[in-house]
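Participant: Take this structure first; my questions come after.
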Amino acid sequence: MNQPASMTVSDEVAIEITGMNKWYGQFHVLRDINLTVNRGERIVICGPSGSGKSTLIRCINRLEEHQKGKIVVDGTELSSDLKNIDKIRSEVGMCFQHFNLFPHLTILENCTLAPIWVRKIPKREAEETAMHFLEKVKIPEQADKYPGQLSGGQQQRVAIARSLCMKPRIMLFDEPTSALDPEMIKEVLDTMISLAEEGMTMICVTHEMGFARQVANRVIFMDAGQIVEQNEPEAFFNNPQSERTKLFLSQILGH
Amino acid sequence: MSDTHAHSAAFVRTETLPEMPPPPGETGIVKWLRANLFANVPNAILTLVSLWAIYALLAGFIPWFTNAVWSAEDIRDCQAQLDGTRGACFAVISERWHQLLFGIAYPQDQYWRPILAFILLFLSAAPLLFSKLPRNLLVLTLIYPFLGYWLLWGGTIVAPLVALAGVLVGFAVYQRLVTGSFAMGFFGGIAAAFVAWWIGGFITGAAEGVLALEPVASRDMGGFMLNMILGTVCVSLSLPIGIMLALGRQSDMIIIKWICVVFIEFIRGVPLITLLFVASVVLAYFFPPGTNQDLILRVIIMITMFSSAYIAEVIRGGLAALPRGQYEAADSLGLDYPQAMRLIVLPQALKISIPGIVNVAVGLFKDTTLVSVISMFDLVGVVRGPIFSSTEWAGVYWEVWGFAALLFFIVCYSISQYSQWLERQLATDHR
Ligand SMILES: Nc1ncnc2c1ncn2[C@@H]1O[C@H](COP(=O)(O)OP(=O)(O)OP(=O)(O)O)[C@@H](O)[C@H]1O
Ligand SMILES: [Mg+2]
C-alpha cells in the first residue's frame with residue numbers, strides 16, 4: 001500500500017512508556033507495559049473488552065494514574081507534579097467514545113474554550129482557528145448549534161476539531177466510532193485518515209480493522225492487561241503469531 | 001383484499017381530493033367540552049362537583065370582598081358600617097399598611113428610602129437575572145449591596161464607600177496573585193480587603209456627617225421590609241457559600257471535605273428556630289466583647305448558614321448528575337480545577353439544580369417569618385403584636401393574614417415563574 005510522503009515516521013520519540021504497571025485496588029489492570037511511539041507514528045490498539053486498552057491510553061494524559069514505571073510524553077515525565085500534567089494535557093488531544101462535548105456551549109464555544117482559557121489566545125483568533133478546523137472536519141455550518149442538535153457522527157467530528165484547536169502534537173482516540181451507526185462511522189474515519197495523512201502522531205483504540213490496515217504503522221494487541229503482540233498491520237493480520245491473537249482476529253473478522 | 005384492487009395492486013391518484021371541514025362536534029367548544037370535561041360518566045360527575053365547589057367558594061368570597069369596608073376607625077366602626085351584612089374589614093390595612101410594610105418604628109418621613117431601595121433592587125438584580133442585558137450593568141449589581149445598606153440604615157455614605165473600596169482592593173489583589181495560584185489569590189485578596197477596611201475604619205470615624213441620611217437602628221427595621229431584607233441577603237449569600245460547600249464536600253482534600261460534611265450534616269439536623277434562638281441569645285458570646293453586633297446581623301448569619309447547607313446538598317445532586325465524561329473532557333483539554341469548575345461543571349450542575357435551589361429560596365423566604373418568634377417585628381411579628389394586641393383591631397383575622405399571604409405569594413410566585421423561564425432559556429438539549 002502506498003502511503004503519502006508526509007506519513008513518514010521520524011526518529012524523534014514522542015511517547016516512551018517503560019515498565020508501567022497499574023492497579024485498581026487489588027486488580028492488576030496493566031502489567032509491565034513497554035511502548036515507544038515515535039513522532040508521526042500511528043498506532044492502533046485492539047484487544048478484547050476489559051483488556052485495559054482504555055486504561056492504557058488514559059494513563060498517557062493522566063486521566064488515570066499509574067503506580068509503577070515511567071511515562072515520558074514529549075520529553076516531560078508524568079509525575080504528580082500538576083504543572084507537568086497540565087503541560088502534557090495541553091499537548092495531547094483526546095477523543096472519547098461518547099464524545100463528551102460540553103452540552104451547554106455551542107459548537108464554536110466548545111472549540112474555542114480551551115484555546116482561550118488554557119492557551120490564552122484572543123477570542124477572535126481562537127474563533128478563526130476553530131472555524132478552520134470545523135471546515136476541516138466538514139461541519140462549519142453547524143458552528144452556532146448546540147451539541148444536542150447534531151448527529152453522533154457530527155458530534156464526534158466536533159470532538160476531534162475541539163482537540164485539534166489546541167494544536168496538539170499527539171492525538172489519542174478511545175474507540176471513537178463504537179458508539180456510532182455504520183453510516184456515521186465512515187465520516188469519522190475519513191476525518192481520522194486525513195489527520196494521519198498530515199503526519200499527526202496518533203494512538204487509536206479501535207476495532208476498525210480497515211482503518212488499521214490503511215493508516216497504522218503498528219498494530220498492538222492487548223489481552224489481560226499486557227501487550228501480547230505488536231506488528232505492522234499486514235503481518236499482524238495475515239500472519240499473527242500468538243494463539244490469543246489468532247482467536248481474537250478470527251472472532252472480529254468473522255471467519 | 002378488497003375488490004377495488006381486484007384488477008391490479010398498482011394505483012395512481014390523478015386528482016387531489018378537495019379539503020373538507022371536519023364533521024360537526026369535532027371542533028371548537030363542543031369538542032373541547034366533550035374531551036376535557038364530559039368524556040365519560042365519572043369525569044362528568046367530577047366536573048359537576050368541582051363546578052359546585054368553585055361556585056360555593058366564590059359565592060362566599062365575592063360578597064365578602066365587594067361589601068368590604070375600606071375606611072373605618074376601628075373594628076367596631078367597621079362592624080357598624082357593615083351593619084350585619086357579611087363583608088371584609090379592609091380598613092385595617094388602609095389604616096396600618098405602613099406598619100405591615102415597614103414595621104412599627106421606621107421613621108415615616110423616610111419611607112422613600114426603603115421604597116427606592118426596593119426599586120433599585122430590581123434594577124440591579126436584572127443584569128444577573130437576564131443575561132441578555134448589557135454586561136456593564138453589572139456595575140450596578142456590584143454597587144447595590146452598599147447603596148442598599150446606606151439607604152436603609154442611613155448614616156454617612158463614607159462607611160459603605162469604604163466597604164466597597166475594601167472589596168475592590170481585595171479583588172484587585174486577587175487578580176494580581178491568581179496567576180500564581182488560586183489559593184494565593186483567594187487568601188491574598190481577603191487579607192488585602194481586611195487591611196483596606198481596617199484603614200477605612202479611621203476615615204469613617206472622622207467623616208461622621210458626610211452625606212449622612214438619618215440613621216435608623218436595626219431594631220427599627222420591620223414589617224415586610226424586614227422579610228425582604230432577610231430573604232434577599234440570605235439567598236444571595238447562601239448561593240455562593242452553598243456552591244463552595246458542595247465543591248468542598250466533593251474535594252480530594254480530606255480535611256476540607258470533612259469540615260464541609262460536618263457543617264452540612266449538623267446544620268441540616270437542627271431546626272431553623274433553634275438556630276434563631278442561638279442567634280438571639282448565644283451568638284453574642286462569639287463576637288469580641290463590646291462590639292454588640294445587632295440582632296439582624298446575627299439572624300442573617302444563622303439563616304444563611306441554614307440555607308447554604310440545603311443549597312449545598314441541592315447542588316451536590318446536580319454535580320452528581322453530571323457524567324464523568326464532562327470532567328474528563330475538561331481535564332484532557334488542560335483546563336485546571338477552577339477553570340473546569342467555573343466553565344464546565346458548575347454551569348451544568350447549577351442548571352440541573354435550579355428547581356431545587358428555587359425550592360430552597362422560596363422556602364427560606366417564607367421561613368424568615370420565624371424571626372417573629374425571637375421578637376423581631378417582621379410582617380408576621382407586626383400582625384401578631386401591634387395589630388392583634390391593639391384595642392382598635394383585635395379580632396380582625398382574615399383580612400390581615402390574607403394581606404400578608406398575598407405579599408408572600410406575589411414574591412414566591414414571581415421567583416417560581418422566573419426560574420421556569422430561566423430553565424427554558426438554558427435548555428440546549430433540544431433536538
Ligand atoms: N475505575 C475502575 N475501577 C476498577 N476497575 C476498573 C475501573 N476502570 C476499569 N476497570 C477494570 O479494568 C479493566 C480494564 O478496563 P478498560 O476500560 O481499560 O478495558 P478496555 O480494554 O478499554 O475495554 P473495552 O473494550 O470494553 O472498552 C476492566 O476489567 C475493568 O473492569
Ligand atoms: Mg475501553
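No value in this document is a laboratory result; all are computed from the given coordinates. If you're wondering where the values come from, they're calculated on a predicted model, not measured in any experiment. Because the Cβ atoms are built from the backbone with ideal geometry, glycine has one as well, and the counts that use them run over all protein chains shown.
Participant: Taking Cα centroids, how far is region B:186-212 from region A:72-134 in Å?
Facilitator: After rounding, the separation between the Cα centres reads 42 Å.
Participant: Calculate, in nm to one decimal, what B:Q250 and B:N43 gain on full extension: separation in residues at 0.36 nm each, minus their alpha carbon distance.
Facilitator: The span from B:Q250 to B:N43 would gain 69.5 nm if fully extended.
Participant: Place +1 on the Cβ of every Lys and Arg and -1 on the Cβ of every Asp and Glu in the protein assembly as shown, take the dipole about the Cα centre, and give the residue among A:H66, B:S332, B:A44 whose Cα lies farthest towards its positive end.
Facilitator: A:H66
Participant: Compute the signed sum of charges (Lys and Arg +1, Asp and Glu -1) over the other residues within less than 9 Å, Cβ to Cβ, of A:Q97.
Facilitator: It works out to a net charge of -2.
Participant: Now a separate question. Along region A:80-91, what does the Karplus equation 6.51 cos²θ - 1.76 cosθ + 1.60 (θ = phi - 60°) give for ³J(HN,Hα), rounded to whole Hz, x for Gly and Pro?
Facilitator: Per-residue couplings from phi come out as 7, 5, 4, 4, 4, 4, 5, 5, 5, 4, 7, 9 Hz.
Participant: Pop a pseudo-label 7 angstrom from the Cα along the beta-carbon direction at both B:K257 and B:R324 and give the gap in nm to one decimal.
Facilitator: Modelled inter-label distance: 1.5 nm.
Participant: For chain B, which cysteines have no second Cys with its Cβ under 4.7 Å from theirs?
Facilitator: By the Cβ distance rule, which asks for a partner under 4.7 Å, the isolated cysteines are B:C234, B:C260, B:C412.
Participant: Name the residue, out of A:A114, A:A161, A:A130, whose mean-square fluctuation peaks in a Gaussian network model built on chain A with Cα pairs under 10 Å.
Facilitator: Maximum among the listed residues: A:A114.
Participant: Can you sort A:H98, B:H98, A:H66 from fewest to most other Cβ atoms within 10 Å of each residue's own Cβ?
Facilitator: In increasing order of surrounding Cβ atoms, one gets B:H98, A:H98, A:H66.
Participant: Please list the radius of gyration and Dmax for the protein assembly as shown, considering alpha-carbon atoms only, with Å as the unit.
Facilitator: 34.5, 109
Participant: Under 10 Å, Cα contacts only: if you run a Gaussian network model on chain B, which one of B:L370, B:L100, B:L51 comes out with the highest mean-square fluctuation?
Facilitator: B:L51
Participant: Given the pairs A:K145/B:K351; A:K123/A:K167; B:K257/B:K366; A:K138/A:K186; A:K53/A:K83; A:K22/A:K167, which span a C-alpha to C-alpha distance of over 21 angstrom in this model?
Facilitator: On the way: A:K145/B:K351 19 Å; A:K123/A:K167 16 Å; B:K257/B:K366 31 Å; A:K138/A:K186 13 Å; A:K53/A:K83 26 Å; A:K22/A:K167 29 Å.
Beyond 21 Å between Cα atoms: B:K257/B:K366; A:K53/A:K83; A:K22/A:K167.
Participant: How large is the convex hull of the C-alpha atoms of chain B per residue, in Å³? Let's see the in-between values first.
Facilitator: On the way: hull volume 126.7 nm³, N = 431.
Expressed per residue, the convex hull around the Cα atoms of chain B is 294 Å³.
Participant: Still on this structure, I have one more. For B:N136 paired with B:N36, estimate the spin-label separation in nm (one decimal), with each label point 7 Å from Cα along the Cα-to-Cβ line.
Facilitator: 4.9
Participant: Please find the FRET efficiency linking A:D11 to A:Q226, where r is the Cβ-Cβ separation and R0 is fixed at 25 Å, and quote it to the nearest 0.05.
Facilitator: So the FRET efficiency works out to roughly 0.40.
Participant: Would you mind giving the mean number of other chain beta-carbons within 10 Å of the Cβ of each residue in A:114-122, as a whole number?
Facilitator: The per-residue average across the peptide is 3.
Participant: Can you tell me the FRET efficiency between B:W398 and A:N84 if r is taken as the Cβ-Cβ distance and R0 is 60 Å, rounded to the nearest 0.05?
Facilitator: 0.25
Participant: What is the Cα convex hull volume of region B:24-66 when expressed per residue in Å³?
Facilitator: 72
Participant: So, one more: Show me the GluC sites (Glu not before Pro) within region A:19-123 that DSSP assigns to loop and that have at most 15 other Cβ atoms within 10 Å of their Cβ.
Facilitator: A:E65
Participant: Around B:W258, with a cut-off of 11 angstrom between Cβ atoms, what is the net charge of the other residues, counting Lys and Arg +1 and Asp and Glu -1?
Facilitator: Numbers: positive: B:R249, B:K257; negative: B:E265.
Computed value for this residue: +1.
Participant: On to the next question. Taking amide H atoms as placed 1.01 Å from N in the peptide plane, list the residues 5 or more away in sequence, or in a different chain, whose amide H sits under 5 Å from that of A:A14.
Facilitator: Counting only residues 5 or more places away or on other chains, the set is A:V37, A:N38, A:R39.
Participant: Given the Cα-Cα distance of B:Q110 and B:F388 and 0.36 nm per residue of separation, how much length would full extension add, in nm?
Facilitator: Numbers: separation 278, 0.36 × 278 = 100.08 nm, distance 2.55 nm.
Extra length available between B:Q110 and B:F388 comes to 97.5 nm.
Participant: When chain B is modelled as a GNM with alpha-carbon springs shorter than 10 Å, which of B:T66, B:T204, B:T27 fluctuates the most?
Facilitator: Among B:T66, B:T204, B:T27, the largest mean-square fluctuation in the Gaussian network model of chain B belongs to B:T27.
Participant: Further question on the same structure: Quick one: plug the Kirkwood hydrodynamic radius of chain A (C-alpha pairs) into Stokes-Einstein at 10 °C, 1.306 mPa s, and report D in µm²/s. List each step's numbers first, then the result.
Facilitator: On the way: Rh = 18.8 Å.
In µm²/s, the coefficient rounds to 84.
Participant: 5 Å is the cut-off here: which amide hydrogens, built 1.01 Å from N in the peptide plane, fall below it relative to A:I220, excluding neighbours closer than 5 in sequence?
Facilitator: Amide H neighbours of A:I220: A:V44, A:I45, A:C46.
Participant: Convert each backbone phi in region B:127-137 into a coupling constant with the Karplus relation 6.51 cos²θ - 1.76 cosθ + 1.60 (shift: θ = phi - 60°), then list the ³J(HN,Hα) values in order as whole Hz, x for Gly and Pro.
Facilitator: My calculation for region B:127-137 gives x, 6, 7, 10, 6, 6, 5, x, 5, 6, 5 Hz in order.
Participant: Then there's this: Kindly write out, for region B:148-159 in residue order, the coupling ³J(HN,Hα) from the Karplus curve 6.51 cos²θ - 1.76 cosθ + 1.60 (θ = phi - 60°), rounded to whole Hz, with x marking Gly and Pro.
Facilitator: x, 4, 4, 4, 6, 8, x, x, 6, 6, 5, 4
Participant: Please list, in chain and number order, the residues 5+ apart from B:A68 or on another chain whose amide H is under 5 Å from its amide H, with Hs placed from the backbone.
Facilitator: Counting only residues 5 or more places away or on other chains, the set is B:A88.
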